[in-house]
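Some notes on the structure that comes next.
Only the coordinates and a few stated rules stand behind these numbers; no lab work does. Not measured: the values here are computed from a predicted model. Glycine gets a Cβ as well: all are built from the backbone with ideal geometry, and neighbour counts include every protein chain shown.
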Amino acid sequence: MVQTSIEDIYLPGQLLIAMPSMTDPRFEKSVIYMCAHNADGAMGLVINRAIDSLTFPELLEQLEIDSGSGGDQIRVLFGGPVEQARGFVLHSPDYIQDASLVVDDNVVLTATIDILRAIADGTGPNNCLLALGYAGWGAGQLDSEIKSNGWLSVDADEELVFGCNLDEKWERAMTKIGIDPRMLSDAAGHA
């Protein structure tokens, strides 16, 4: 029998949910879709925080891409504090390029300008979100944060990942694992 320790549990394709005790304002009440997680580190995208100062058509204009007929409903998200000028598209597997990273059967990550062109002209994936920047952890860093009760994890589902109501994602993710967020304390060790 092979024993599994916390160090052996990796979370690609899962959602990380920030605990109420999360003091970093960049991640307070955040839900992060984990794109990669292994012994070398982890990478994910915050999927519930919009960048209100930039629309998808404005981004396309900055990149000199004709906005065409697609993508008007896409919101630009704060994907995390690392490389905030770099765009990442998390999307359904009906659109895959050579440069795409297939995370699991339901979600693919692509970070090329070609996918933005495809979304703009209406030939992109059926479901997608666009994030600028990403959340990254070095070797063992995320595992340590999980052990310190900074994060919970839950299976991702299409509605949580691609759903439009960003303000409800954190509570819905908590509820999915059976936790009423109103019952959680943000002060550990206090009754």
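Once the piece of chain linking Gln73 and Ile179 is laid out straight, how much longer is it, given 0.36 nm per residue of separation minus the C-alpha distance between them?
35.1 nm
Once amide H atoms are placed 1.01 Å from N in the peptide plane, what residues at a sequence separation of 5 or more from Gly124, or on another chain, have their amide H within under 5 Å of its amide H?
For Gly124, whose amide H was placed from the backbone, the distant partners under 5 Å are Ile119.
Set Lys and Arg Cβ to +1 and Asp and Glu Cβ to -1, take the dipole of the chain about its Cα centre, and tell me which of Asn127, Ala18, Leu109 lies farthest positive.
Value computed over the given set: Ala18.
Given the options His37, Met183, Trp137, identify the residue whose Cα lies farthest towards the positive end of the charge dipole of the chain (+1 on Cβ of Lys, Arg; -1 on Cβ of Asp, Glu).
After comparing all options, I get Met183.
Only Cα pairs within less than 10 Å get springs; with that Gaussian network setup on the chain, which residue of Ile119, Ile179, Ile146 has the largest fluctuation?
Ile179
If you count the DSSP beta bridges with both ends in the range 13-179, what percent of them are antiparallel, to the nearest 5?
Taking every DSSP beta bridge within the range 13-179, about 90 percent pair in antiparallel fashion.
Counting other Cβ atoms within 10 Å of each Cβ, which GluC sites (Glu not before Pro) in the range 58-109 have at most 10 and sit in a DSSP loop?
Glu64
So for the pair Leu101, Asp157, with labels modelled 7 Å out along Cα→Cβ, what separation do we get in nm?
About 2.6 nm, to one decimal.
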